[in-house]
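Visitor: The structure is given below, and queries will be raised subsequently.
The values are calculated or read from the model by the stated rules, or taken from the named source; none is laboratory data. No experiment lies behind these values; they were computed from the predicted model shown. Quick reminder, even Gly has a Cβ in these numbers, built from the backbone with ideal geometry, and neighbours come from all protein chains shown. Please note that ligands, DNA and RNA were not included when accessible areas were found on the heavy atoms of the full protein model with its side chains. Shrake-Rupley method; radii C 1.70, N 1.55, O 1.52, S 1.80 Å.
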Amino acid sequence: MIIWTADNGGLQTNIPLKGLKNDAYEGGHRVPNMVAWGTQDKTLAHQKRMPLTPDRIDNRPFIHQDWMPTLLNLACTKHPSPEQLDGFDITDLLSGKADQKRPNLFYWHEPNFWAHSGPESSIREGKWKLIYLYAHERWELYDLTEDIGEKSYLTINYPEVTDRLARKLISHLKENKANYPTDIKTGQELPPQLPK
């Protein structure tokens, strides 16, 4: 099996996407993936378990952490500590099945500065994406089905969506004992605060 992918977005431009490599915006995270069997042979056990149709395009999102459980499943083995896996088995998604186990929910957390970006945290659930920019103490909400370039802040227009996703993100960060940016003067960590 051949997997072609990348880590985070490009460094120069990702038009029409906003942001560059490692940003919380789509240009910093969204990358294409190509997956194919080197030689199509439907009699092989692995290809029966995960049939890949040549030239099929699927726009459903997944994340790199999903590769480990997927490849373990394909190899007919299990992780010794499956509770430590962050991802989901995306065999059904890659096989083109409409029904698949991977929820359309993603979290990113980068509590440090990296080149031009950060610190920031974000959550994507379905069409909605909410970003928290620590340096500005600002929440930004986007509808990715209508605004792939993340040009229109919808935080004020959809306060209930903003609040719900902010609570979910803050809870996720707490549950995972996330590190946060630190105030230089006080030495205190600065976790995101709920939108006002």
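Visitor: Which three lengths, in whole Å and largest first, does the stretch 103-173 cover when its Cα atoms are put on their principal axes?
Guide: 29, 26, 22
Visitor: For the stretch 30-105, build the charge dipole from Cβ charges (+1 Lys, Arg; -1 Asp, Glu) around the Cα centre, then report which of LEU71, PRO61, MET50 sits farthest towards its positive end.
Guide: The Cα lying farthest towards the positive end belongs to MET50.
Visitor: Now for a separate question. Over the chain, calculate the relative contact order: mean separation of alpha carbon pairs under 8 Å at least 6 apart, over the residue count, as a percent. Could you put the intermediate results ahead of the total?
Guide: Details: 303 pairs, mean separation 27.1, N = 196.
That works out to 14 percent.
Visitor: What residues have an amide H closer than 5 Å to that of ARG138, excluding those fewer than 5 places away on the same chain, when H is modeled at 1.01 Å from N in the peptide plane?
Guide: For ARG138, whose amide H was placed from the backbone, the distant partners under 5 Å are LEU133.
Visitor: How much length would be gained if the chain were fully extended between TYR158 and TRP114, taking 0.36 nm per residue of separation minus their Cα-Cα distance, in nm to one decimal?
Guide: On the way: separation 44, 0.36 × 44 = 15.84 nm, distance 3.03 nm.
Roughly 12.8 nm would be gained on extension.
Visitor: So how long is each side of the chain along the principal axes, counting just the alpha-carbon atoms, biggest first, in Å?
Guide: So the three principal-axis extents are 63, 39, 33 Å.
Visitor: Select from the stretch 69-150 those trypsin sites (Lys or Arg not before Pro) which occupy a DSSP coil region and have at most 16 other Cβ atoms within 10 Å, ordered by residue number. Before the final figure, lay out the partial values.
Guide: Details: sites: LYS78, LYS97, LYS101, ARG124, LYS127, LYS129, ARG138; in loops: LYS78, LYS97, LYS101, LYS127.
Taking the stretch 69-150 and a limit of 16 other Cβ atoms within 10 Å, the loop trypsin sites (Lys or Arg not before Pro) found are LYS78, LYS97, LYS101, LYS127.
Visitor: How high is the FRET efficiency from ALA75 to PHE106, r the C-beta distance, R0 22 Å, rounded to 0.05?
Guide: On the way: r = 25 Å, r/R0 = 1.14.
So, using R0 = 22 Å, E works out to roughly 0.30.
Visitor: For ILE2, what accessible area in Å² do you get when you roll a 1.4 Å probe over the heavy atoms of the protein chains, rounding to the nearest 10?
Guide: Approximately 100 Å² of ILE2 is accessible to the 1.4 Å probe.
Visitor: What part of the accessible area of the stretch 50-138, given as a whole %, is carbon or sulfur when the probe is 1.4 angstrom? Display every interim value, and only then the final one.
Guide: Details: 2670 of 5060 Å².
Carbon and sulfur atoms account for 53 percent of the accessible area of the stretch 50-138.
Visitor: What order do TYR158, TYR132 take when sorted by accessible area (1.4 Å probe), most exposed first? Present the calculation step by step, with values, prior to reporting the outcome.
Guide: Details: TYR158 90, TYR132 10 Å².
Heavy-atom accessible area, descending, gives TYR158, TYR132.
Visitor: In sequence order, what are the phi-derived ³J(HN,Hα) couplings for the stretch 34-48 according to the Karplus relation 6.51 cos²θ - 1.76 cosθ + 1.60 with θ = phi - 60°, rounded to whole Hz, with x for glycine and proline?
Guide: These are the phi-based 3J(HN,Hα) values: 10, 10, 7, 7, x, 9, 6, 8, 5, 8, 6, 4, 5, 6, 5 Hz.
Visitor: Next question. Given +1 on the Cβ of Lys and Arg, -1 on the Cβ of Asp and Glu, and no further charges, what dipole in debye does the chain carry about its Cα centre, rounded to the nearest 20? Spell out each step's value before the answer.
Guide: Working: 24 positive and 26 negative charges, 68 e Å.
I would put it at about 320 debye.
Visitor: Sticking with this structure for a sec: For LYS42, which lysines qualify as cross-link partners when the Cα separation must be under 23 Å and same-chain residues fewer than eight apart are set aside?
Guide: List returned: LYS97.
Visitor: Could you give the accessible area per residue of the stretch 68-186, probe 1.4 Å, as a whole number in Å²?
Guide: Numbers: 6980 Å² over 119 residues.
Computed with neighbouring chains in place, this is 59 Å² per residue.
Visitor: Per residue of the stretch 53-61, in order, report the coupling 6.51 cos²θ - 1.76 cosθ + 1.60 (Karplus, θ = phi - 60°) as ³J(HN,Hα) in whole Hz, putting x for Gly and Pro.
Guide: Per-residue couplings from phi come out as 7, x, 6, 6, 10, 9, 9, 6, x Hz.
Visitor: Next question, about the same structure. Counting Lys and Arg as +1 and Asp and Glu as -1, each charge on the Cβ, what is the dipole of the stretch 87-196 about the Cα centre in debye, to the nearest 20? Write out the running numbers ahead of the final one.
Guide: Working: 15 positive and 17 negative charges, 40 e Å.
Its charge dipole is roughly 200 debye.
Visitor: Let me ask something else about it. Between the stretch 1-31 and the stretch 45-112, how far is it from one alpha carbon centroid to the other, in angstrom?
Guide: Between the Cα centres of the stretch 1-31 and the stretch 45-112 lies a distance of 19 Å.
Visitor: Report ³J(HN,Hα) in whole Hz for each residue of the stretch 21-33, in order, from the Karplus equation J = 6.51 cos²θ - 1.76 cosθ + 1.60 where θ = phi - 60°; Gly and Pro get x.
Guide: 2, 6, 5, 6, 6, 4, x, x, 10, 6, 9, x, 10
Visitor: On to the next question. Helix 159-175 versus the longest principal axis of the chain: what angle, 0 to 90°, nearest 10, using Cα atoms?
Guide: 80 degrees
Visitor: When you have a sec, figure out the Kirkwood radius of the stretch 3-65 from all distinct Cα pair distances and drop it here in Å to one decimal? All intermediate terms of the calculation are to be shown ahead of the outcome.
Guide: Details: mean 1/r = 0.0738 Å⁻¹.
Evaluated over the stretch 3-65, this radius sits at 13.6 Å.
Visitor: A further question on this structure: Under a 5 Å amide H to amide H cut-off, with H placed in plane at 1.01 Å, what residues pair with ILE148 once short-range neighbours are removed?
Guide: none
Visitor: Using a 1.4 Å probe, how large is the accessible area of LYS21, given in Å² and rounded to the nearest 10?
Guide: 40 Å²
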